[in-house]
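First comes the structure, then the notes that go with it.
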Amino acid sequence: MKKLDTLKIPSAREEIRLFLVGRDEGLRLPFLIEHYRLAGVDRFFVVDNGSTDGMTDFLLSQKDVHVFYTEDSYKENKAGVSWVNQLLDQYGVGHWCLVVDADEILVYPYSDILNIKELCIFLDRVEAVGLFCLMIDMYPRGALKNADYAMGQPFLDIADHFDAGPYNVFPARNFPHLQIKGGMRRRVFWANGRNADGPALNKIPLVKWRRGMAFAGSTHTLRPALALAPITGVLQHFKYFSDFAVTAVREYARNDRPHIDEYRLYAEMLEREPAMSFMCDVSVRYRDPVQLVELGLLKGSWELKKFVEERFSACETEGSSLDATSGAMAEANRYKVPLSKALQLLPIYGF
């Protein structure tokens, strides 16, 4: 990999750092980077795997983005994991590091009022080293071919629905010793298969990086085993805009992905059904993190609730805007019943 930018990289351990591998993601990256910037990420490390769509120029125009360029094989580098592990070891040790794709948005209990910096303070307090997440596929209400996305637009403007379930948990050899399958892709593209078919939906995208750590398969598995948070997150997956059919054909033709048959399946089905819609009787419109707790897709904890209350009480004491603080506390209190329910009913995903 060659570093293209000339920006200096400080050793400030308090920085939250995001790591990403992408190719021709110029359409999605402007919103994604601005979203995470506003959410508390301080610095971005992006591996550009031979983009030709203007992604490189966009990244180089950003003052908090470091660009590492390579035209080496994505598949031969373990779906980019080799590059990410190298950057994490060089620039992530001692930092909370978020590893996502260009179409993934992190959601967690209180994420509408608690930014990622504050989340990481909480994780340090409870001595957690990683956050386990379920990935849910987001999709548009109507036909996929009509879901046109404009650069910089919030992803939810186009794809605001997801499957409420089912999501099935299976044991696995590698940490975190489970796999989750299900959701829209399992329902639509593997409808005639087994429950265990389809892509894995379990990820550990947020980690306080230490030497000796390594992702083994995307962020699905990690070694060695580590202390996971008492809460869980969700990665909203925004792959399904109108450009998906073209992307599937292109990626299958390039043949540089480990699970290339997935893209053959996507391309063939969308060619047969160009007006395909992913909506069904388990489709629900995304509202907020409370909804995900109520559906059992997020796990909260009383420790986090107490932390949120303490943070906003401190804001009141320090003289913050009463209206802003009261509004935030009212928002936080919406979790009271769902979290109580969650502690009794939510699956703990085996840890």
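The values are calculated or read from the model by the stated rules, or taken from the named source; none is laboratory data. Predicted model only: the values in this text are computed from it and were never measured. With ideal geometry, Cβ positions are generated from the backbone for all residues, glycine too; neighbour counts draw on all protein chains shown.
What tally of residues in the range 79-112 results from selecting those that are surrounded by fewer than 17 Cβ atoms within 10 Å (Cβ to Cβ) and either part of a loop (DSSP other than H, G, I, E, B) or at positive phi (or both)?
Total satisfying the criteria: 3.
For Gln90, which of the numbered conditions (1) in contact (Cβ under 8 Å) with a residue 40 or more places away in the chain; (2) not assigned by TED's automatic domain parsing to the domain that holds Phe238 fails to hold?
(1)
If you check Asp48 against the conditions, is it crowded, with 20+ Cβ neighbours inside 10 Å, over 18 Å from Ile105 (Cα atoms), touching a Leu at 6+ places or on another chain (Cβ under 9 Å) and of a type in the set (D, E, K, R)? I'd like the intermediate steps shown before the answer.
Values: crowded, with 20+ Cβ neighbours inside 10 Å: yes; over 18 Å from Ile105 (Cα atoms): yes; touching a Leu at 6+ places or on another chain (Cβ under 9 Å): yes; of a type in the set (D, E, K, R): yes.
Yes, satisfied.
Taking the residues in the range 73-106 that are of a type in the set (Asp, Glu) and at pLDDT 95 or above as candidates, determine which candidate is nearest to the chain's Cα centre (by Cα).
Glu104
From the set of residues in the range 63-93 that are among the β-branched types (Val, Ile, Thr) and in contact with a helix residue (DSSP H, G or I) (Cβ under 8 Å, 6 or more places away or on another chain), which is nearest to Arg17 (Cα to Cα)? Please lay out each step first, then the result.
Within the range 63-93, the subset among the β-branched types (Val, Ile, Thr) is 65, 67, 70, 81, 84, 93.
From the residues that got through so far, the ones that are in contact with a helix residue (DSSP H, G or I) (Cβ under 8 Å, 6 or more places away or on another chain) too are 65, 67, 70.
Values: Val65: 10, Val67: 13, Thr70: 21 Å.
Of everything passing the filter in the range 63-93, Val65 is nearest to Arg17 (Cα to Cα).
If you check Lys117 against the conditions, is it surrounded by fewer than 21 Cβ atoms within 10 Å (Cβ to Cβ) and within 21 Å of Ser218 (Cβ to Cβ)?
Spelling it out, it is not the case that Lys117 is surrounded by fewer than 21 Cβ atoms within 10 Å (Cβ to Cβ) and within 21 Å of Ser218 (Cβ to Cβ).
Restricting the range 181-199 to residues that are among the aliphatic types (A, V, I, L, M) and at pLDDT below 95, which is nearest to Pro289 (Cα to Cα)? If you could, list the steps in order and put the result at the bottom.
Step one: list which residues in the range 181-199 are among the aliphatic types (A, V, I, L, M), which gives 184, 188, 191, 196.
From what's left, at pLDDT below 95: 188, 191, 196.
Working: Val188: 25, Ala191: 28, Ala196: 27 Å.
The selected residue is Val188.
Let me confirm something: among Ala253, Ala172, Ala159, Ala214, which residue is among the small types (Gly, Ala, Ser), modelled with pLDDT of 95 or more and under 30 Å from Gln86 (Cβ atoms)?
Values: Ala253 fails: modelled with pLDDT of 95 or more; Ala172 fails: modelled with pLDDT of 95 or more; Ala159 fails: under 30 Å from Gln86 (Cβ atoms).
Sole residue among the options that is among the small types (Gly, Ala, Ser), modelled with pLDDT of 95 or more and under 30 Å from Gln86 (Cβ atoms): Ala214.
What about Tyr36, is it under 16 Å from Asp103 (Cβ atoms) and part of a loop (DSSP other than H, G, I, E, B)?
When the stated conditions are applied, Tyr36 does not pass them.
So, restricting to strands (runs of 3 or more DSSP E) that lie completely within the range 168-274, which ones have at least 1 residues that are touching a Gly at 6+ places or on another chain (Cβ under 6 Å) and not aliphatic (A, V, I, L, M)?
178-182
Residue by residue through the range 203-239, note down the ones that are surrounded by fewer than 24 Cβ atoms within 10 Å (Cβ to Cβ) and of a type in the set (S, T, N, Q).
Those that are surrounded by fewer than 24 Cβ atoms within 10 Å (Cβ to Cβ) and of a type in the set (S, T, N, Q): Ser218, Thr221, Gln236.
For the range 55-76, which residues satisfy the criterion of being surrounded by 21 or more Cβ atoms within 10 Å (Cβ to Cβ) and in a loop (DSSP other than H, G, I, E, B)?
The answer is Tyr74, and nothing else.
Looking at this structure, is Trp190 assigned by TED's automatic domain parsing to the domain that holds Val234, closer than 18 Å to Ala229 by Cβ and out of contact with any Lys or Arg (no Cβ under 7 Å at 6 or more places or on another chain)?
No: the conditions fail for Trp190.
In the range 1-39, which residues are over 17 Å from Glu71 (Cβ atoms), touching a strand residue (DSSP E or B) at 6+ places or on another chain (Cβ under 7 Å) and surrounded by fewer than 18 Cβ atoms within 10 Å (Cβ to Cβ)?
Within the range 1-39, Asp5, Leu7, Ile9, His35 qualify.
Please go through the range 213-232 and give me each residue that is closer than 17 Å to Phe122 by Cα and out of contact with any helix residue (DSSP H, G or I) (no Cβ under 9 Å at 6 or more places or on another chain), ordered by number.
Residues satisfying the conditions are Leu226, Ala227, Leu228, Thr232.
Of the residues in the range 178-212, how many are touching a helix residue (DSSP H, G or I) at 6+ places or on another chain (Cβ under 7 Å) and not aliphatic (A, V, I, L, M)?
Residues meeting the conditions: 6.
When you look at Leu346, is it aliphatic (A, V, I, L, M), modelled with pLDDT under 90 and touching a Gly at 6+ places or on another chain (Cβ under 6 Å), yes or no?
Yes; evaluated as a whole, the condition is true for this residue.
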